[in-house]
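The values are calculated or read from the model by the stated rules, or taken from the named source; none is laboratory data. Predicted, not measured: the structure shown is a model, and the values here were computed from it. Positions of Cβ are generated from backbone atoms using ideal geometry, with glycine treated the same way; all protein chains shown enter the neighbour counts.
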Amino acid sequence: MTNKAKTIKIVTPRASALFAKLSEANRHFCKKPQDPGTYEIGLVYDPNDPAWKAIEAQLDDLIDNEAREMVDADRWEDAKDDPSRAPARANYWRADKQKDGDEVVRTGLRVMSPRMKEFWPGKNGKPDRPNKVAVYDSMTQRLLPIPEIGNGSVVQARFVAAPYWHSGQGKYGVSLSLEAVILRELKSYGADDSAAGFEADDAGYVGAPVEDTWDPAESPSEPEHEAADL
């Protein structure tokens, strides 16, 4: 068993965003009010892409040469007599699926979902050390506030991969701890509110023009942060 787990920092190629929760934490699976939610983003990618193949190779190596070494030795011995006791290798990706009518079909793509805890529990389980994912635009400028990132947005992510062994669940694998996201192309949630597909008709009802009063100078700002490696 290793004394100190090896970790690696990974910057991904471009991917398609899926179910991003970055402006506020996902608390859907919290059992108690004091439990931390998670900031997370699904990265949909083509496993045949050479750049993504290289990342999967790094993660597989971390599992097979680090996480596997963390497994209690007696579990492997027990598995010789009882195969059901064999530790299970947990996967770090899931198959991408889409609905085709009433049928759910696999797209052939994969989804990797790095996460960050909303906060680290302090004494007595109370919230301590709040976290926040750093999100940048394509010019590596920090985005504040963080926009709602819709499915299909083009992103890159930086995360730390660390091996683990969960004796209670009998699983070993790698955790993907999200650090930062760079937003290359934004697709917003919600319906299309443009006038695309309609023809103008000045003989019909004409309302007062709507003035766009948004002033970028009034947007919240924060001291510059480095988008290292993104």
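What's the total number of residues in segment 1-50 that are buried (at least 16 other Cβ atoms within 10 Å of the Cβ), more than 16 Å from LEU178 (Cβ to Cβ) and of a type in the set (Ser, Thr, Tyr)?
Qualifying residue count for the region: 1.
Spot the failing condition for ALA228; the list is (1) within 30 Å of ILE63 (Cα to Cα); (2) at pLDDT below 65; (3) exposed (fewer than 10 other Cβ atoms within 10 Å of the Cβ), and only one is missed.
(3)
Of PRO147, PRO87, PRO114, which residue is modelled with pLDDT of 85 or more and more than 30 Å from PRO33 (Cα to Cα)?
PRO87
How do the strands (runs of 3 or more DSSP E) wholly within segment 1-77 filter down when requiring 3 or more residues that are more than 20 Å from ALA90 (Cβ to Cβ): which remain? Walk me through it before giving the result.
Values: elements: 8-11, 15-26, 38-45.
It comes to 15-26.
Checking the condition closer than 24 Å to LYS9 by Cβ, in contact (Cβ under 8 Å) with a residue 24 or more places away in the chain and not charged (D, E, K, R), which residue from ALA54, ALA90 passes?
Values: ALA54 fails: in contact (Cβ under 8 Å) with a residue 24 or more places away in the chain.
Of the residues listed, the single one that is closer than 24 Å to LYS9 by Cβ, in contact (Cβ under 8 Å) with a residue 24 or more places away in the chain and not charged (D, E, K, R) is ALA90.
Residues being surrounded by 15 or more Cβ atoms within 10 Å (Cβ to Cβ) and more than 30 Å from the chain's Cα centre (by Cα): count how many of those fall in segment 60-77.
So the count comes out to 1.
Quick test of your reading of the structure: ARG106 fulfils all but one of (1) in contact with a strand residue (DSSP E or B) (Cβ under 9 Å, 6 or more places away or on another chain); (2) outside any strand (DSSP E or B). Name the failing condition by number.
Exception for ARG106: condition (2).
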